[in-house]
Amino acid sequence: MQLVLVFALIFALLVAIFAISNANEVVIRFPWGNYPISQALVILGSAAIGSVVVLMLGVFSQVKSKIKMWEYQGKIKKLEKELKEVKEQYETVKKAMEAQNAEDMHDEGIPQETDTSS
């Protein structure tokens, strides 16, 4: 970020030097009139307007990205909740199947494994 700021300041300095070296008076023509003005002011004004436009586009892009991030965070929370519910259902079904298998083994007379380590 600091590197970008340094480059921006260097660019601004170059624009200012260019504007000062071109300080002649020029006539700006609009449909509603002609205005004599320093060429340096035209250059600096154009650079300033361009900077404001770029700043506004950057802010718009950041806001758009932030909104998308909030949407994705909401989706992540929803999916995490669904995953938790599915895991709970899985554990419930797994316990029920283990109980059913134990009951089936008991009914068939198959001896169940017992813990003899104690």
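The dipole here belongs to the chain: it is taken about the Cα centre, uses +1 on the Cβ of Lys and Arg and -1 on the Cβ of Asp and Glu, and is about 1540 debye. Using 18 Å as the cut-off for backbone N distance, which residues of the range 33-63 belong to the label zone defined by a point 7 Å from the Cα of residue 26 along Cα→Cβ? Of the residues in the range 33-63, 33-51 have backbone N under 18 Å from the label point off residue 26. GNM on the chain, alpha-carbon springs under 10 angstrom: the most fluctuating residue among 99, 16, 40 is 99.
Computing the accessible area with a 1.4 Å probe over protein heavy atoms, can you report the carbon and sulfur percentage for the range 4-52? Could the numbers behind the result be given before it?
Values: 2920 of 3850 Å².
Carbon-and-sulfur percentage of accessible area, whole number: 76.
Projecting the Cα atoms of 41, 105, 10 onto the charge dipole of the chain, computed from C-beta unit charges around the Cα centre, puts 41 farthest toward the positive end.
Rounding to the nearest 20 debye, state how big the charge dipole of the range 38-85 is about its Cα centre with +1 on each Lys and Arg Cβ and -1 on each Asp and Glu Cβ. Let's see the in-between values first.
Details: 8 positive and 4 negative charges, 41 e Å.
Taking the Cα centre of the range 38-85 as origin, the dipole is about 200 debye.
For the chain, adding -39500 (n - 2.57) for each run of n ≥ 4 DSSP H residues and dividing by the number of residues yields -28500 deg cm²/dmol at 222 nm.
For residue 75, the lysines whose Cα comes closer than 21 Å to its Cα, not counting residues fewer than 8 places off in the same chain, are 64, 66, 84, 87. Considering only 76, 57, 89, and ranking their Cα positions along the charge dipole of the range 24-101 that arises from unit charges at the beta-carbon of Lys, Arg, Asp and Glu, the one farthest toward the positive end is 89. Heavy-atom accessible area per residue, the chain, 1.4 Å probe: how many Å²? I get 93 Å² per residue for this part.
The values are calculated or read from the model by the stated rules, or taken from the named source; none is laboratory data. Nothing here was measured: the structure is a model prediction, and the numbers come from that model. For neighbour counting, all protein chains shown are included, and Cβ atoms are generated from backbone atoms with ideal geometry for every residue, glycine included. All accessible areas refer to the heavy atoms of the entire protein, side chains included, with ligands and DNA or RNA removed. Shrake-Rupley method; radii C 1.70, N 1.55, O 1.52, S 1.80 Å.
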